[in-house]
Number of protein chains: 2
Amino acid sequence: MATGRTHRPATRSRGIPEATVARLPLYLRALTALSERSVPTVSSEELAAAAGVNSAKLRKDFSYLGSYGTRGVGYDVEYLVYQISRELGLTQDWPVVIVGIGNLGAALANYGGFASRGFRVAALIDADPQMAGKPVAGIPVQHTDELEKIIDDDGVSIGVIATPAGAAQQVCDRLVAAGVTSILNFAPTVLNVPEGVDVRKVDLSIELQILAFHEQRKAGEEAAADGVVPPAVARKQRPTDQGPDGDVPAVMPA
Amino acid sequence: MATGRTHRPATRSRGIPEATVARLPLYLRALTALSERSVPTVSSEELAAAAGVNSAKLRKDFSYLGSYGTRGVGYDVEYLVYQISRELGLTQDWPVVIVGIGNLGAALANYGGFASRGFRVAALIDADPQMAGKPVAGIPVQHTDELEKIIDDDGVSIGVIATPAGAAQQVCDRLVAAGVTSILNFAPTVLNVPEGVDVRKVDLSIELQILAFHEQRKAGEEAAADGVVPPAVARKQRPTDQGPDGDVPAVMPA
DNA sequence: ATGTCTTTGTGAACGCGTGCACAAAGATGG
DNA sequence: CCATCTTTGTGCACGCGTTCACAAAGACAT
């Protein structure tokens with residue numbers, strides 16, 4: 001789950017189911033670890049355990065890529081690393097721009113995982129003129145005015161939005177107009193994009209809320225027959241909280 | 001998708017499908033925005049558009065919560081905000097600990113979306129003694145030694161892991177042993193947890209890789225009949241790259 | 001060669017999630 | 001009070017994803 005929505009052809013892209021694509025990076029990570037330990041081959045069972053999935057699922061996933069295993073033996077680690085990397089497009093260089101260099105944007109710029117898989121930070125962009133020129137993670141921040149030029153010059157096709165919610169759609173529109181066709185959105189907003197543009201979102205607040213739901217459920221099961229039964233709040237009654245902290249719908253730190 | 005794996009009862013928790021639970025925060029956000037604009041009611045069509053989903057899906061989602069709409073009119077915004085909040089468990093206070101105060105941990109601590117929905121940062125914890133006492137987002141960082149005491153004293157049931165990958169499992173074990181039953185994991189590792197503990201993961205690198213896959217596919221379609229056809233790499237042949245950047249499996253900045 | 005043993009690759013069944021399309025419910029106007 | 005119009009709530013069908021279970025494939029020993 002996470003595609004930003006709006007159009008979604010969703011269905012399998014060139015035979016490979018979306019759910020499988022989402023797991024390939026997981027397998028790749030486990031395989032890379034094995035590769036570093038110079039392990040030559042792994043069985044589906046072992047690899048599945050390392051990736052935290054079911055072995056049947058893993059085998060079916062790999063079957064979409066082709067027959068890369070050897071029966072009775074398992075999979076060749078190096079070979080599989082290469083095949084998955086290629087399938088994911090990681091054998092080429094992906095320049096990425098990060099827009100919105102606040103706390104989160106800076107953290108992303110410093111994130112080692114970016115560089116390690118062919119994702120090169122082409123530019124850091126912020127709307128604040130004060131930020132311009134200031135180096136973050138060794139890269140000087142550039143002003144939003146430069147956005148189109150950077151994207152065009154470097155052939156950037158992936159953009160990361162780490163701005164406050166209010167600025168996200170506007171930034172998104174500019175990215176798309178400039179030629180970006182894949183967006184990773186950290187701002188808590190639904191982005192509208194034209195057909196052909198992929199959006200994936202990461203929302204910390206949403207993840208926590210989902211955890212809270214399950215947490216509440218766990219707690220509620222023990223309490224079973226308690227006086228804590230919902231007080232059947234009268235309809236139309238205004239909820240108790242909501243007042244204090246103004247409650248902006250979850251504004252980004254930016 | 002995102003549940004950390006391992007056990008997964010996965011199926012619907014008390015009648016509410018997992019997919020629906022994952023969308024409730026989305027609806028809540030849209031509803032809160034409407035509430036701030038003092039909009040009294042919304043139709044499923046309008047709200048669905050604001051949340052970026054299909055209206056039939058939204059109605060079905062709400063039907064799991066009960067019949068909260070009025071035919072011919074729509075849904076009462078305030079009432080729905082309250083019902084969803086209650087369902088998600090947001091009417092109560094959720095103390096949260098963040099472990100690993102590096103770039104990302106600090107960004108999370110500063111993240112406004114945490115506080116705005118009943119999630120209170122109970123403590124920031126880091127293994128580095130140098131960090132101890134240093135205030136981040138107005139909260140003094142505490143040493144890992146204090147972890148168990150904090151969790152016990154404050155009744156913390158939700159933990160956020162923002163440590164490097166190598167430390168994540170260890171931190172996870174301690175959190176769980178101390179009583180935490182829900183974990184939001186930002187470290188690029190598969191966490192093993194006992195039955196009854198929920199794990200959700202957020203992995204920036206994985207999201208980018210998924211985007212890269214689709215991006216490559218888009219690019220490949222235009223090139224259709226090019227000489228760029230996969231050169232049918234000889235089996236067992238060592239992949240070309242892999243050498244340069246040491247390629248740590250995506251270590252956290254932390 | 002032949003047999004045994006391991007592990008892959010997949011056919012088939014099942015279940016969850018999605019979306020259509022419509023009947024029921026209520027609002028609103030005459 | 002009846003007719004009309006809007007919007008909800010849901011029965012139903014379809015498709016994707018998961019899992020089981022097993023036949024086919026290869027390694028390895030004899």
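For segment A:18-88, report the accessible area per residue in Å² (1.4 Å probe, heavy atoms, rounded to an integer).
Per residue, segment A:18-88 has 42 Å² of solvent-accessible surface.
Counting only other residues whose beta carbon sits under 12 Å from that of residue B:211, what net charge do I get with K and R as +1, D and E as -1? Provide the component values of the computation, followed by the final result.
Details: positive: A:117, A:200, A:201, B:217, B:218; negative: A:198, B:207, B:215.
Charge balance near residue B:211 sits at +2.
Calculate one ³J(HN,Hα) per residue across segment A:88-104 by plugging θ = phi - 60° into the Karplus curve 6.51 cos²θ - 1.76 cosθ + 1.60, and present them in order as whole Hz with x for glycine and proline.
Coupling constants for segment A:88-104: 7, x, 8, 7, 10, 8, 10, x, 10, 10, 10, 10, x, 9, x, 4, 5 Hz.
How much accessible surface area, in Å² rounded to 10, belongs to the heavy atoms of residue B:149 with a 1.4 Å probe?
About 120 Å², rounded to the nearest 10.
Looking at segment A:94-204, I'd like the Rg to Rh ratio, where Rg is from alpha-carbon atoms and Rh is Kirkwood's inverse mean 1/r.
Rounded to two decimals, Rg/Rh equals 0.92.
Treating the point 7 Å from Cα along Cα-beta-carbon as the label, what are the nm separations from residue B:130 to the other copies, to one decimal?
2.7
Counting only residues 5 or more places away or on other chains, whose amide H sits under 5 Å from the amide H of residue B:121 once H atoms are built in the peptide plane?
B:96
Could you let me know the centre-to-centre spacing of segment B:112-139 and segment B:86-107, using Cα atoms, in angstrom?
9 Å
For segment B:74-184, what is the charge dipole size about the Cα centre, in debye to the nearest 20, if Lys and Arg each add +1 at the Cβ and Asp and Glu each add -1 at the Cβ? Could you put the intermediate results ahead of the total?
Details: 6 positive and 13 negative charges, 45 e Å.
That gives segment B:74-184 a dipole magnitude of about 220 debye.
How large a share of the accessible area of segment B:18-88, in percent, is made up of carbon and sulfur atoms when the probe is 1.4 Å and the other protein chains stay in place?
Numbers: 1490 of 2990 Å².
That fraction is 50 percent.
Ignoring ligands, DNA and RNA and using a 1.4 Å probe, state the total buried accessible area between B and A in Å², rounded to the nearest 100.
Using a 1.4 Å probe, the pair buries roughly 8700 Å².
Could you give me the ³J(HN,Hα) list for segment B:154-159, computed from phi with Karplus coefficients 6.51, -1.76, 1.60 and θ = phi - 60°, whole Hz, x at Gly and Pro?
8, x, 6, 10, 10, x
State the residue of chain B whose Cβ is nearest the axis carrying B onto A, and the distance in whole angstrom.
Axis-proximal residue of B, distance in whole Å: B:107, 2.
For residue A:70, place a label point 7 Å out from Cα along the Cα→Cβ vector, do the same in each other copy, and report the separations in nm, one decimal, smallest first.
7.2
Which GluC sites (Glu not before Pro) does segment B:187-221 hold that lie in a coil by DSSP with at most 15 other beta carbons within 10 Å?
Within segment B:187-221, the qualifying GluC sites (Glu not before Pro) (loop, at most 15 other Cβ atoms within 10 Å) are B:195.
Apply 1/(1 + (r/R0)^6) to the Cβ-Cβ distance of residue A:60 and residue B:130, taking R0 = 56 Å, and write down the FRET efficiency to the nearest 0.05.
Numbers: r = 48 Å, r/R0 = 0.86.
Efficiency, rounded to the nearest 0.05: 0.70.
How far is residue B:33 from the same spot in each other copy, in nm, shortest first, if each label point sits 7 Å from Cα toward Cβ?
3.9
The values are calculated or read from the model by the stated rules, or taken from the named source; none is laboratory data. Computed from a predicted model, the values in this text were never measured in an experiment. When we count neighbours, we look across all protein chains shown, and the Cβ atoms used for this are built from the backbone with ideal geometry, even at glycine. Remember, those area values only see protein heavy atoms, side chains included, never the ligands or the DNA or RNA. Shrake-Rupley method; radii C 1.70, N 1.55, O 1.52, S 1.80 Å.
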